[in-house]
Amino acid sequence: MEKPEVKSRSEQWPSGNVDVKATQKAGVELLIRFHILDKIAKIHDPKNDAFQEHGRLLFDSLERLLADEEDACLRIRHSSLLLNGVRLKSSMGTYPIFKSVMEELRLRELDALAFKPGLTLDELYRFMPIFARRDKKDGSMYARLQAEVDAADIGHVVIEKASELRTPSNLNRNTARIFFLSIVHLKESFKRNQRDEGIRVHTTRRLMQSIYNHIVDNESFVFGMTNLKNHDEYTLNHSVNVCLLATALGRRLGLNRGELVDLGIAAFFHDLGKLETPLEILNKPGKLDAGEREIMEQHPFKGAEKLVLLKESRRLPLRAIHVAMEHHIKEDLTGYPRYFRKEDVNLFSKIVKVVDFFDAITTKRVYRTKVFTRAEALTLMLEQAGAEFHPVILKAFVNLMGPFPIGSLVALNTGEIGIVFEVNADPKLVLRPSVKLITDAAGNKIDGDVADLAEQDPATERFVRTISRALNPQEYGVEVSDYFLAQAQ
Ligand SMILES: [Fe+2]
Ligand SMILES: [Fe+2]
């Protein structure tokens, strides 16, 4: 049988006669129903009652759409989901579903999934279990999926492979590139600043726009990269991590793209004032004495001053100056420098304050006796909500990171050890992230698969793997970032 093509029409913006609102509404309904059936199909076979009930619902949605459309085509484009060319809008409630469907399509290297008129309920029942599985053929989920769709003679469902540029490893490679470019650019900016040359703010802005895109497209991997800690160039590495985390947090708080680019720039330069702090103080192993502390506590002021005096200061967002000045002020107005009114502290400063603290205490430093794991850091920070941190911003950050933040080392009930690679977008399954297995049950090092802990054994309906506890990577000699970098090879 000749394979039908995914209509190119779906790639274009909708023409004038498409009812955009109606398509959006139908699209969101389709997404939700597809998402639910996909989840059920991971656990149950088509004979199951829940499968049949939700299969029927999805089929109804598709039948309605196909009654007057050439196809029903879900497509990923520029981090958005489109139905027949119309961009679907997520809300707070549907965001996890959008994210999950996009991830499911991406994992299978798909750009588009289309249903054609003539689709039967039986065909849909055959397709969903094939789609839901995550196993691979010749190392590719797409290859396995396409082979099985062909073998099962499913003629009214068409899948379209993503172009090579958008495969997960390519995406990761580009994200890693932006990460290292940011470090190089910051290093260069620091050098230029010390030589009294202007820093190239337009380059910073372009980088931040890329970072924003990567956070939208590849947030899990971006979080993975923030596990990279270069102890020799602490301030550079720390500043880039703070910039990535602040942008992701700001996005969760609902800031728009322009604001997020400004926030990224502000976070990027938040510790610029440390250029003036002598290295003996910055890297002193023991406690600082009163005089040294005073010098250390000048870095916010020095940073703000440097930014004001910058040749291109007018290209900088004003809020970058606020952030440099205010990122060590606590919510109860202790900290430094001294402010008298909470309202005077900028929102951007409060965001940077949270992620700055988080990155600092999860990084090994000569003067820090304890390095916190990411989960421990969040617990400790929650105890300081309202005193050290703005409670709502902190809560959003804790939710963003989840109970087992990406990069956490975890022991599983099977005896295996793994690294958290992706959090589960479903709020009910936050304790069941996807984990890259790095040892087998006997403790032998392996280059294992990424296991989805939400996966259940179809026979027993029990979860195959469950996290039993978090481990400290340092105690186990595990360099977490190596495993993320390997994904960008
Ligand atoms: Fe600082
Ligand atoms: Fe900092």
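The values are calculated or read from the model by the stated rules, or taken from the named source; none is laboratory data. Every value quoted in this text rests on a predicted model; they were computed, and no experiment measured them. Heads up, the Cβs are rebuilt from the backbone with ideal geometry, glycines too, and the neighbour counts pull from every protein chain shown.
Quick notes on this one:
- Candidates F348, F358 - the one that is within 23 Å of P317 (Cβ to Cβ) and in contact with a His (Cβ under 9 Å, 6 or more places away or on another chain): F348
- Condition met for L255 (surrounded by 15 or more Cβ atoms within 10 Å (Cβ to Cβ) and either within 22 Å of F180 (Cβ to Cβ) or not assigned by TED's automatic domain parsing to the domain that holds F348 (or both)): no
- Scanning segment 65-97 for residues that are over 26 Å from the mean Cα position of the chain (by Cα), surrounded by fewer than 17 Cβ atoms within 10 Å (Cβ to Cβ) and not in a loop (DSSP other than H, G, I, E, B) yields one hit, A67.
- Residue list for segment 447-489, restricted to those being loosely packed, with under 15 Cβ neighbours inside 10 Å, without any contact (Cβ under 8 Å) to a residue 40 or more places away in the chain and closer than 28 Å to R173 by Cβ: D447, D449, G477, E479, D482, A486
- Any hit, segment 355-371, residues being in contact with a Ser or Thr (Cβ under 6 Å, 6 or more places away or on another chain) and under 22 Å from L228 (Cα atoms): no
- Some residue of segment 264-274 being touching a residue at least 12 places away in the same chain (Cβ under 8 Å) and more than 13 Å from ligand 1 (Cβ to nearest atom): yes
- Neighbours by Cβ (under 6 Å, 6+ apart or cross-chain): first from segment 233-248, closer than 17 Å to G273 by Cβ and β-branched (V, I, T); second within 13 Å of ligand 1 (Cβ to nearest atom) and part of a helix (DSSP H, G or I): T235/K274; V242/A267; V242/V355; V242/D356; V242/D359
- In segment 208-239, the residue that is farthest from the chain's Cα centre (by Cα) out of those that are within 16 Å of ligand 1 (Cβ to nearest atom) and over 20 Å from F372 (Cβ atoms) is E233.
- Test: R319 is assigned by TED's automatic domain parsing to the domain that holds T235, at pLDDT below 95 and either under 33 Å from the mean Cα position of the chain (by Cα) or closer than 26 Å to F223 by Cα (or both): no
- Tally of residues being hydrophobic (A, V, I, L, M, F, W, C), within 16 Å of ligand 1 (Cβ to nearest atom) and either modelled with pLDDT under 95 or more than 15 Å from A246 (Cα to Cα) (or both) across segment 322-333: 2
- Criterion violated by L429 - all others in (1) out of contact with any Gly (no Cβ under 6 Å at 6 or more places or on another chain); (2) surrounded by fewer than 16 Cβ atoms within 10 Å (Cβ to Cβ); (3) under 22 Å from L253 (Cα atoms) satisfied: (2)
- Residue match in segment 289-301 (condition: surrounded by 15 or more Cβ atoms within 10 Å (Cβ to Cβ) and away from ligand 1 (no atom under 16 Å from the Cβ)): no
- Among the candidates P427, P391, residue that is of a type outside the set (A, V, I, L, M, F, W, C) and assigned by TED's automatic domain parsing to the domain that holds L228: P391
- Restricted to segment 355-374, and to residues there that are crowded, with 19+ Cβ neighbours inside 10 Å and part of a helix (DSSP H, G or I), the residue that is farthest from the chain's Cα centre (by Cα) is F357.
- Lone qualifier among H214, H156, H185 - being without any contact (Cβ under 8 Å) to a residue 24 or more places away in the chain and buried (at least 16 other Cβ atoms within 10 Å of the Cβ): H185
- Residue identified as within 16 Å of ligand 2 (Cβ to nearest atom) and not acidic (D, E) among L260, L255, L236: L236
- Among the residues making up segment 302-314, those that are in a helix (DSSP H, G or I) and away from ligand 1 (no atom under 15 Å from the Cβ) are V308, L309, S313, R314.
- Check on V352, within 19 Å of the chain's Cα centre (by Cα), modelled with pLDDT of 95 or more, assigned to a helix (DSSP H, G or I) and within 16 Å of ligand 1 (Cβ to nearest atom): yes
- Within segment 434-443, at least one residue is at pLDDT below 95 and either buried (at least 17 other Cβ atoms within 10 Å of the Cβ) or assigned by TED's automatic domain parsing to the domain that holds N172 (or both).
- Verdict on N237 being more than 18 Å from P405 (Cα to Cα), modelled with pLDDT under 90 and either among the polar types (S, T, N, Q) or assigned to a helix (DSSP H, G or I) (or both): no
- Residue match in segment 177-190 (condition: within 15 Å of T363 (Cβ to Cβ), in a helix (DSSP H, G or I) and assigned by TED's automatic domain parsing to the domain that holds F348): yes
- Breaking point among (1) modelled with pLDDT of 90 or more; (2) part of a strand (DSSP E or B); (3) not aromatic (F, W, Y), for I130: (2)
- Qualifying residue in segment 384-392 (condition: more than 16 Å from ligand 1 (Cβ to nearest atom), at negative phi and surrounded by 20 or more Cβ atoms within 10 Å (Cβ to Cβ)): yes
- Residue in segment 271-294 that is within 14 Å of ligand 2 (Cβ to nearest atom), in the same structural domain as R206 (by TED's automatic domain parsing) and not in a helix (DSSP H, G or I) present: yes
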